[in-house]
1. Which whole-number percent gives the relative contact order of the stretch 4-199, counting Cα pairs below 8 Å spaced six or more residues apart?
2. What whole-number distance in Å separates the alpha-carbon centres of the stretch 1-56 and the stretch 84-137?
3. Put a dot 7 Å past each Cα toward the Cβ at residue 26 and residue 172; how far apart are the dots in nm?
4. Arrange 116, 41, 94 by Cβ neighbour counts within 10 Å, fewest through most, would you?
5. Could you list 162, 63 so that the one with the fewest beta carbons within 10 Å of its beta carbon is first and the one with the most is last?
6. Any chance you could run the full-extension gain for residue 94 through residue 114? It's 0.36 nm times the residue separation minus the Cα-Cα distance, nm to one decimal.
7. At a Förster distance of 22 Å, what's the computed FRET efficiency of residue 151 paired with residue 77, Cβ-Cβ distance as r, to 0.05?
8. What FRET efficiency do you get for residue 144 and residue 194 if R0 is 45 Å and r is their Cβ-Cβ distance, rounded to the nearest 0.05?
């Protein structure tokens with residue numbers, strides 16, 4: 001079972017995947033895996049998402065699949081029951097964090113402020129999602145947070161592109177970034193899985209520099 005800290009080291013880019021048809025889940029997972037990306041976050045923003053997580057967990061065993069945009073305790077339980085390996089939340093209410101931790105799965109909770117990050121650290125959570133990254137100050141904010149909280153690790157997500165990802169990965173407290181550009185809606189709709197594989201290969205090349 002993957003831990004929260006290990007989750008941040010599986011790929012320079014954590015694909016944030018929105019699927020409207022669960023039938024696309026396995027081909028997308030295979031495309032990402034063929035491109036060298038062995039982890040994917042399926043966001044619970046569509047009715048097909050939970051089934052998509054279940055299909056990947058069942059049919060693509062070498063893909064670490066998790067559920068993102070988890071906003072309620074019920075969603076945390078549904079994702080766990082579907083076979084998710086990890087949970088990602090956009091924010092960090094006490095009720096949601098407790099429910100997510102109760103599943104026993106790796107948790108990447110969302111934080112946008114120093115106070116939120118400190119509250120999560122008090123719960124023993126040191127691998128966090130910085131969201132929404134660009135709207136919350138981007139690399140400047142993360143560089144500032146590293147001053148008082150140097151032991152926290154982040155996966156910034158929200159508004160990050162292929163062009164801006166490397167700037168984040170150069171930060172000492174960033175191990176990976178979250179990105180939706182690996183699975184563009186047009187590529188998924190057209191079932192152009194070769195396009196997704198090519199984008200995954202580009203993402204793998206964004207390896208963080210040695211520190």
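Here, each number is a calculation from the coordinates, and none is a lab measurement. Not measured: the values here are computed from a predicted model. Backbone-built Cβ (ideal geometry, glycine too); neighbour counts: all protein chains shown.
1. Values: 390 pairs, mean separation 43.9, N = 196.
Relative contact order for the stretch 4-199 comes out at 22 percent.
2. Taking the Cα centre of the stretch 84-137 as reference, the centre of the stretch 1-56 is 19 Å away.
3. Distance between the two pseudo-spin positions: 4.7 nm.
4. Working: 116 16, 41 30, 94 9.
In increasing order of surrounding Cβ atoms, one gets 94, 116, 41.
5. Numbers: 162 15, 63 20.
Taking fewest neighbouring Cβ atoms as first place, the list is 162, 63.
6. Details: separation 20, 0.36 × 20 = 7.20 nm, distance 1.61 nm.
Using 0.36 nm per residue and subtracting the Cα-Cα distance, I get 5.6 nm.
7. Values: r = 30 Å, r/R0 = 1.38.
Here the calculated transfer efficiency is 0.15.
8. On the way: r = 41 Å, r/R0 = 0.91.
Given R0 = 45 Å and the Cβ-Cβ separation, E is 0.65.
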